[in-house]
Every structure is written in C-alpha cells, then in structure tokens.
Amino acid sequence: MSQTTNRDDGAIVGDLLSIAALLEKPQLAQLYAFLTREGESTVGELMDALDLPQGTAYTYVNRLVDAGLAEPTREEQPRTYVAREIDLTVTAAEGTRDYTITPMLVDAVGRRTTDDDIDTYIDRHGIAGLATALTYATARERGEVTHRTMADDLDISPLAAELILQALRPVVHEHLEIEVSGASASAVEDATNDA
Amino acid sequence: MSAIHVAHTGLFVAIGQPANPRYRAVRSFAARNGITFLLPEHVYDELTVDDSADPPPIDTAIEEGWAEIAEPIDDTDSFVSSAMDGVRRFIPNADDRPEDEIERTDTALAGVAAQSLDTGSASHADVYTTDVAAGRAVEAVFDREGYADAITYVNVFRLIEELLDRTGDPYAPFAGIGY
C-alpha cells in the first residue's frame with residue numbers, strides 16, 4: 001500500500017470521527033445544517049439565526065473548523081465561513097448494505113433541539129434509528145411506503161411512525177426535490193360551492 | 001351533490017393540539033364548508049393508542065362535532081371489497097405477514113369512500129391523507145372503477161399550508177425550526 005493511500009485512509013477515518021462528533025452534538029449539527037443551507041455566513045449571522053450567545057457561536061464554529069467540517073472563506077473581518085460537504089458512505093462488513101451519511105441526516109439531528117418529536121425519537125431509537133426513519137420519510141414523500149409500512153417493518157405503533165414521519169418531512173423537502181401531489185383546500189371548497 | 005370527507009391518521013396528527021393555529025385553521029375550514037370528517041374505525045384505533053405524551057385531539061374534535069367515526073365497512077359488498085383489494089394491491093406490504101391479518105387504514109379509506117358512493121349516501125368522496133401512496137392508490141383505484149370524478153385525494157400538508165397562508169400566520173407552517 002502506498003504512502004498516499006495510507007494518508008487517504010486516515011482522512012476517511014478522520015471524516016468518520018468528525019461526523020460522529022457532529023451527530024453527538026445537536027447544536028453543532030444545527031450550525032452545520034445552517035451553513036449548508038445558507039452558504040457563506042458570518043458568526044454574527046449564525047448568532048442571530050440560531051439564537052446563540054457570541055462565545056458559544058465562536059466555540060462551535062471553531063469546533064467545526066477544527067473537525068474539518070467548515071472553513072473560513074476570507075481572512076478580513078468579519079470572517080465568513082462555509083460548510084465542507086459531507087458525503088461518506090459506510091458499507092457493512094458483508095458488503096450487502098451501505099448507507100451514505102448526508103447533510104440531510106445532520107440537519108435532522110440538529111432539529112432535535114427545537115422539535116420534541118425528533119428529540120423523543122432519538123431518545124428511544126438513537127441516531128441510527130433516526131437515520132432509518134429518514135429513509136422511510138424520503139420513501140413516503142416519494143409515494144413508495146406509508147406510515148403503516150414503517151410501523152410494521154420496525155415494530156412500532158402507527159402513531160409513532162406518523163409522528164416521526166411528519167417531523168422529518170420538512171427536512172426531506174429542504175434537501176430533495178420531490179414533487180408534492182394531491183389537492184388542497186381550494187379544490188375541496190370549489191367542489192362544495194359548485195354543489 | 002353531497003360529499004363525504006374521509007380522514008386518515010395523519011390529519012389529526014398534523015393539526016396538533018386545540019391551541020395550535022393548525023388545529024384552529026382546520027376546524028374553521030370544516031365549519032365554513034359544513035364538513036364533518038369521517039374516520040374509519042382503524043384510523044380512530046391508530047390515533048387513540050397510548051403512545052404519545054401529547055395524544056392527538058381526536059376525541060375533542062368528535063365532541064366539537066366536526067369529526068365522527070364511520071359506520072363499519074361492509075366488505076361483503078362487491079364494490080367495497082374490490083376498491084379495498086385494489087388499494088391493497090397498489091401498496092404492497094413490505095413484510096411477509098398475510099394481508100388479512102393486518103388492519104390497514106389505507107384500505108379502510110377506500111372502503112368507507114366506496115360504501116358511501118355505492119349506497120348513494122354521497123356522490124363525492126374527498127380523502128385526506130399524509131401518505132402519498134395511499135392518496136395515489138385511492139385515486140387510481142376509483143379511476144379504474146369509473147369513479148374518477150367522484151374522488152379527490154387531498155394532501156393534508158398542502159391543505160394546512162394553504163389555510164395558514166390565508167390567515168397570514170407569520171410562521172412558515174412546517175418550517176421545523178422554532179415552530
């Protein structure tokens with residue numbers, strides 16, 4: 001194995017550890033998700049958007065930079081930061097399953113600070129469980145599964161499935177282009193008024 | 001023309017508790033348009049399982065008179081059973097359990113709609129769901145049975161977003177953060 005390859009392997013493990021740290025700390029995940037969504041931002045903008053005290057905002061930004069998940073884009077004040085893209089695919093030992101860790105998962109984890117349903121779900125099923133739920137939430141928005149399918153597969157109540165699917169829906173639509181189908185209020189009212 | 005409004009589990013999860021603007025928006029929408037949401041029995045069962053710190057307010061909606069539990073489905077009726085079978089085939093089970101052991105709410109939506117159309121108690125059925133697959137299945141099955149004009153799949157999220165937009169609610173309805 002060449003020297004370069006060894007360094008590359010090290011970088012992959014480094015990425016894995018950085019992402020694990022991000023998923024452990026919802027405030028970091030939230031900040032990372034904000035940078036991914038909004039692009040270049042100053043610490044002041046992060047403080048305003050996420051309601052963070054200045055000291056905390058600087059600490060979090062520095063942690064993201066140290067972990068290689070964000071980088072400053074200019075040296076002059078005020079400094080601006082951008083997120084470094086996450087795209088890490090983990091393959092199970094037997095090679096039959098793999099999972100790609102995406103900014104969508106990080107965003108979902110970050111929302112546990114403001115969304116009780118996501119927070120409760122992570123308490124019960126862990127970050128790994130949330131990753132599975134996000135897969136179902138994406139499939140449901142694409143019309144491939146229902147809340148009942150998820151409940152049956154994971155042996156949870158249909159109500160618990162519906163709660164987390166609804167909580168994750170904004171995350172799915174934030175990150176993926178999926179056409180929304182079905183009628184809205186006007187269609188019902190037009191039909192009612194024609195009657 | 002009389003219409004019935006068949007509600008899936010997700011509607012009563014999405015509106016939140018009675019103090020929530022979403023709950024109030026849907027309740028006023030129902031009152032304004034003379035709507036009583038009909039819940040298949042299985043849908044009511046899913047909503048009332050004791051599994052949430054904040055159980056969906058279905059009993060409050062029933063007491064307030066804008067939701068009620070539908071009559072039991074007569075699946076010996078051929079039109080009803082064919083509509084339910086159609087939806088069952090449209091959305092396959094992911095696991096291996098026999099289909100008849102699973103009390104499915106997506107097929108019940110089709111059953112309640114078909115029963116009302118078949119007995120003539122309604123000439124139109126609006127089906128409110130958060131499951132895209134269920135909404136599309138119901139539309140496809142009734143279309144195949146020649147009832148395309150008699151059925152509408154209403155997307156619960158679009159419904160609530162539109163109603164909140166009209167009230168000028170300052171918060172994005174499903175923005176997630178801070179809501």
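Which residue is surrounded by the most Cβ atoms within 10 Å (Cβ to Cβ), if the candidates are limited to segment A:170-184 and must be in a helix (DSSP H, G or I) and at the interface with chain B (Cβ under 9 Å from one of its Cβ atoms)?
A:V171
So, B:V49, is that one in contact with a helix residue (DSSP H, G or I) (Cβ under 9 Å, 6 or more places away or on another chain) and assigned to a helix (DSSP H, G or I) or not?
Here the answer is no, as B:V49 does not meet what is asked.
May I ask you to verify whether A:E76 is farther than 30 Å from B:F157 by Cβ, modelled with pLDDT under 90 and more than 11 Å from every other protein chain (Cβ to nearest Cβ)?
So A:E76 fits the description; yes.
Kindly list the number of the only condition in (1) in contact with a Lys or Arg (Cβ under 7 Å, 6 or more places away or on another chain); (2) hydrophobic (A, V, I, L, M, F, W, C); (3) within 7 Å of chain B (Cβ to nearest Cβ) that fails for A:V188.
Going through (1) in contact with a Lys or Arg (Cβ under 7 Å, 6 or more places away or on another chain); (2) hydrophobic (A, V, I, L, M, F, W, C); (3) within 7 Å of chain B (Cβ to nearest Cβ) one by one, A:V188 breaks only (1).
Output the number of the condition that A:E141 fails; it satisfies all remaining conditions of (1) surrounded by fewer than 22 Cβ atoms within 10 Å (Cβ to Cβ); (2) within 20 Å of B:R136 (Cα to Cα).
(1)
What number of residues within segment A:115-169 are in a helix (DSSP H, G or I), facing another protein chain (nearest Cβ under 10 Å) and among the charged types (D, E, K, R)?
Matching residues across segment A:115-169 total 9.
Consider B:A83 carefully, then state whether it is closer than 21 Å to A:E162 by Cβ, modelled with pLDDT of 90 or more, touching a helix residue (DSSP H, G or I) at 6+ places or on another chain (Cβ under 9 Å) and buried (at least 23 other Cβ atoms within 10 Å of the Cβ).
Answer is no for this residue.
Yes or no: B:R166 modelled with pLDDT under 90, surrounded by fewer than 14 Cβ atoms within 10 Å (Cβ to Cβ), in a helix (DSSP H, G or I) and within 14 Å of chain A (Cβ to nearest Cβ)?
In short, yes.
I need the full set of residues from segment B:100-159 which are outside any helix (DSSP H, G or I), out of contact with any strand residue (DSSP E or B) (no Cβ under 9 Å at 6 or more places or on another chain), more than 10 Å from every other protein chain (Cβ to nearest Cβ) and touching a residue at least 12 places away in the same chain (Cβ under 8 Å), in order please. Talk me through it step by step, then tell me what you get.
Here is the first cut: in segment B:100-159, the residues outside any helix (DSSP H, G or I) are B:102-104, B:120-131, B:145-147, B:151-155.
Still in the running and out of contact with any strand residue (DSSP E or B) (no Cβ under 9 Å at 6 or more places or on another chain): B:102-104, B:120, B:131, B:145-146.
Adding the requirement that they be more than 10 Å from every other protein chain (Cβ to nearest Cβ) leaves B:120, B:145-146.
Once the filter is applied, which keeps residues that are outside any helix (DSSP H, G or I), out of contact with any strand residue (DSSP E or B) (no Cβ under 9 Å at 6 or more places or on another chain), more than 10 Å from every other protein chain (Cβ to nearest Cβ) and touching a residue at least 12 places away in the same chain (Cβ under 8 Å), segment B:100-159 yields only B:E145.
Within segment A:1-13, does at least one residue satisfy the condition of being assigned to a helix (DSSP H, G or I) and either in contact with a Ser or Thr (Cβ under 9 Å, 6 or more places away or on another chain) or modelled with pLDDT of 90 or more (or both)?
No, that holds for no residue.
Can you name the residue in segment A:40-86 that is part of a strand (DSSP E or B) and not small (G, A, S) and is also surrounded by the most Cβ atoms within 10 Å (Cβ to Cβ) among such residues?
A:Y81
Hey, among A:L154, A:L130, A:L165, which residue is within 23 Å of B:N155 (Cα to Cα), at pLDDT 90 or above and either of a type in the set (F, W, Y) or outside the structural domain of A:E40 (by TED's automatic domain parsing) (or both)? Step through it out loud before you land on a result.
Numbers: A:L154 fails: within 23 Å of B:N155 (Cα to Cα); A:L130 fails: within 23 Å of B:N155 (Cα to Cα).
Within the list A:L154, A:L130, A:L165, the selection yields A:L165.
Quick one: which of B:T36, B:T48, B:T60 is away from chain A (no Cβ under 14 Å) and among the polar types (S, T, N, Q)?
B:T60
The values are calculated or read from the model by the stated rules, or taken from the named source; none is laboratory data. In this text the structure is predicted, and so the values were computed from the model without any measurement. Neighbour counts are summed over all protein chains in view; Cβ atoms, including those assigned to glycine, are modelled from backbone coordinates with ideal geometry.
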